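What follows draws every value from the coordinates through simple rules; no lab data is involved. Note that the structure is predicted; figures quoted are calculated from it, not measured. Here the Cβ positions follow ideal geometry from the backbone for every residue, glycine too, while neighbour counts run over all protein chains shown.
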Amino acid sequence: MEFLPWFFLIILKILFLTDIKGNLIYSTLILMPLIGRFSIILAAYASKSARGGEGLGGLIIGKISFTELMLSLLFTSVVGMIFVHLTVFLKLLAVSSVVTYLITKYISMRIGGMTGDTLGAVNEFEELVIAISMYFLSITKV
C-alpha cells in the first residue's frame, strides 16, 4: 500500500486520541489494540485465503475454528470490561464486529480473499474505529 493512506490513518488516530476527554484516554489506549486484534481473528474466521494458503496470513485465514473464535471473544470481553462498563464495551464490540465483517467482505470481493497484509489493514482500521467511538463517547459523557 502507498504511504499517503497510512499517513492519514495515523494522523486521524492522533487527532481523535488527543481530543478524548477525561480518563477515557487510558481505556482507549488499551481497547484499541485489544479490539483490533480480535478483529483480525474475526476476519480470519469469516474469510478464505486469497493466495490459497500461501504466505503468513494463510497460516490462520480460514483455519480458525468456532471454538477459537469464542475463546478470543471471551478473553477480549473479560479484559475489555475491566476498562469500560459492560454496555459501552458491547457497543464498541458490536460496531467493531460489523465494520470488520463489512471490510472483510469488501476485500474478499475485490481480491478473492484475505492476505496477511489485509488482516493488518483491518486491524489498523478497527483501531481508528475504536478511537472515533471513544471520542464520541467522551464528548457525550463529559
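Between helix 24-45 and the chain there is an angle of about 20 degrees, using the helix long axis and the longest principal axis of the Cα atoms. Subtracting the Cα-Cα distance of I111 and I132 from their residue separation scaled by 0.36 nm leaves 4.8 nm. Given Cα positions, please report Rg to Rh for the chain, the hydrodynamic radius being the Kirkwood one. Result for the chain is an Rg/Rh of 0.99. Label zone (E54, point 7 Å along Cα-to-C-beta; backbone nitrogen cut-off 15 Å) within segment 114-136: 114-117.
Full extension of the segment from K91 to E68, taken as 0.36 nm per residue of separation minus the current Cα-Cα distance, would add 6.1 nm.
Helix 116-141 axis versus longest C-alpha principal axis of the chain: approximately 20°, rounded to the nearest ten. Charges were assigned to the Cβ only: +1 to each Lys and Arg, -1 to each Asp and Glu. The resulting dipole of segment 26-141 about its Cα centre is roughly 220 debye.
Put the Cα centre of segment 107-142 next to the Cα centre of segment 73-96 and the gap is 15 Å.
Estimated at 0.36 nm per residue, the fully extended path between L12 and L29 surpasses their Cα-Cα distance by 4.7 nm.
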